[in-house]
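What follows is one structure encoded as structure tokens, with my remarks underneath.
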Amino acid sequence: MKEVSFIRRNIDKWKSLEKVVDKALTHDPSELADAYTEITTDLSFSRSHYPKSRITLYLNNLASALHNQLYKNKKEKYSRFITYWTQEIPLVMKQSQKELSYSFIVFIISVLVGVISAYNDDTFVRLILGNSYVDMTLNNIENGDPVGVYSKHNAMEMFFYIIYNNIRVSFIVFVFGLMTGFGTGLVLLSNGVMVGAFQAFFFQHGVGLESMLAIWLHGTFEISAIVIAGAAGFALGNGFLFPGTYSRGYAFRQGAKRGLKIIVGLIPVFLTAGFIESFLTRHTEFPDMFRLFIILLSLFSVIWYYVIFPKRISNNLTI
């Protein structure tokens, strides 16, 4: 059977199954089971005849959604907490690699804009960071403690404030995806320009290396969280803009669920970044090699969990 004939024959049924998934609570479990059987039968046929087709991906996602609705009311096992972090979050990240790439590219370009602007306009850093912060930092540089701002506050108070602020920024990046992804890109642009100008400012005053060893000690996790939150925002926006073979409403809801799960998956990153910035960054007397080791370990951890591990675990995915 030609693929187009297969789609025409079943498209109405699949559309009705989308509604079953959306209103699963109003359906009897046996109805959900029957629907699941129907869609997996079609999926099996599609996999055999059109393995690389978008319709196979569509049916796979629909079957997965039905499966989740069918079993989500069952009593959760204690192992769910483990599988949530070892399977669910990685699989969501695997589905969101394209959005993660977009977010990374936008952020890197924004950082370069900030760096170039800072080097070509002496007033740009003050415009971005504010006069009071720039003057305070210049004073710290003159006193031989360029990143002294991190040691001027109580560590525990900083910990809770930083976590709150990181969550707030990442959630803004995500929610602005409601503006069809443009809003997310705008927030990424703003943060990227700020990071670029901020880092360039220290290099302009001859303390670039010391600033990097201090700032990126916690910034590796902090900035990574913003970029990953950008992927969540783009997933939300793309669900509305590019529904593909789904209805626009269904695709938007699925994008919102995927994005929200990504944000929840950032909780350990928020906590780790907050702890490092509050309790470790202030200790500029730590050996440079130790701080560099922490930075590289943090970078590897992010890349492994959010990029490498999702690709590996997805190879073992079965419905």
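The values are calculated or read from the model by the stated rules, or taken from the named source; none is laboratory data. Small disclaimer: the values here were computed from a predicted structure and weren't measured. Neighbour counts are summed over all protein chains in view; Cβ atoms, including those assigned to glycine, are modelled from backbone coordinates with ideal geometry. Only protein heavy atoms, including side chains, enter the accessible area calculation; ligands, DNA and RNA are left aside. Shrake-Rupley method; radii C 1.70, N 1.55, O 1.52, S 1.80 Å.
Remarks
- When residues of the stretch 135-160 are limited to those that are surrounded by 16 or more Cβ atoms within 10 Å (Cβ to Cβ) and within 18 Å of residue 195 (Cβ to Cβ), the one nearest to the chain's Cα centre (by Cα): 150
- Filter result for residue 206 (over 23 Å from residue 90 (Cα atoms), of a type outside the set (Asp, Glu) and outside any helix (DSSP H, G or I)): yes
- Residues in the stretch 210-233 that are in contact with a Lys or Arg (Cβ under 8 Å, 6 or more places away or on another chain) and not small (Gly, Ala, Ser): 2 in all.
- The stretch 281-306, residues that are touching a residue at least 12 places away in the same chain (Cβ under 8 Å), in a helix (DSSP H, G or I), within 21 Å of residue 210 (Cα to Cα) and not basic (Lys, Arg): 288, 292, 294, 295, 298, 299
- The set of residues from the stretch 171-207 being closer than 18 Å to residue 133 by Cα and at pLDDT below 90 is empty.
- Residue 284 touching a helix residue (DSSP H, G or I) at 6+ places or on another chain (Cβ under 7 Å) and either modelled with pLDDT under 95 or over 30 Å from residue 33 (Cα atoms) (or both): yes
- Here residue 257 clears all of (1) open to solvent by 60 Å² or more (accessible area, probe 1.4 Å); (2) touching a His at 6+ places or on another chain (Cβ under 8 Å) except the condition numbered (2).
- Across the stretch 228-270, the number of residues qualifying as in contact with a Phe, Trp or Tyr (Cβ under 6 Å, 6 or more places away or on another chain), under 20 Å from residue 68 (Cα atoms) and among the hydrophobic types (A, V, I, L, M, F, W, C) comes to 2.
- Yes/no for residue 128 being surrounded by 16 or more Cβ atoms within 10 Å (Cβ to Cβ), on the phi < 0 side of the Ramachandran plot, at pLDDT 85 or above and out of contact with any helix residue (DSSP H, G or I) (no Cβ under 6 Å at 6 or more places or on another chain): no
- Residues (surrounded by fewer than 24 Cβ atoms within 10 Å (Cβ to Cβ), under 15 Å from residue 99 (Cα atoms) and without any contact (Cβ under 8 Å) to a residue 24 or more places away in the chain) located in the stretch 197-250: 242, 243
Results for (1) at pLDDT below 85; (2) within 34 Å of the chain's Cα centre (by Cα); (3) surrounded by 12 or more Cβ atoms within 10 Å (Cβ to Cβ), shown as yes or no for each residue.
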position: 1; (1), (2), (3): yes, no, no
position: 4; (1), (2), (3): yes, no, no
position: 15; (1), (2), (3): yes, yes, yes
position: 24; (1), (2), (3): yes, yes, yes
position: 27; (1), (2), (3): yes, yes, yes
position: 34; (1), (2), (3): yes, no, yes
position: 46; (1), (2), (3): no, yes, yes
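- The lone exception for residue 317 - which of (1) more than 14 Å from the chain's Cα centre (by Cα); (2) under 30 Å from residue 21 (Cα atoms); (3) at pLDDT 90 or above; (4) not aromatic (Phe, Trp, Tyr) it fails: (3)
- Number of the exception - residue 175 against (1) surrounded by fewer than 23 Cβ atoms within 10 Å (Cβ to Cβ); (2) closer than 20 Å to residue 119 by Cβ; (3) not aromatic (Phe, Trp, Tyr): (2)
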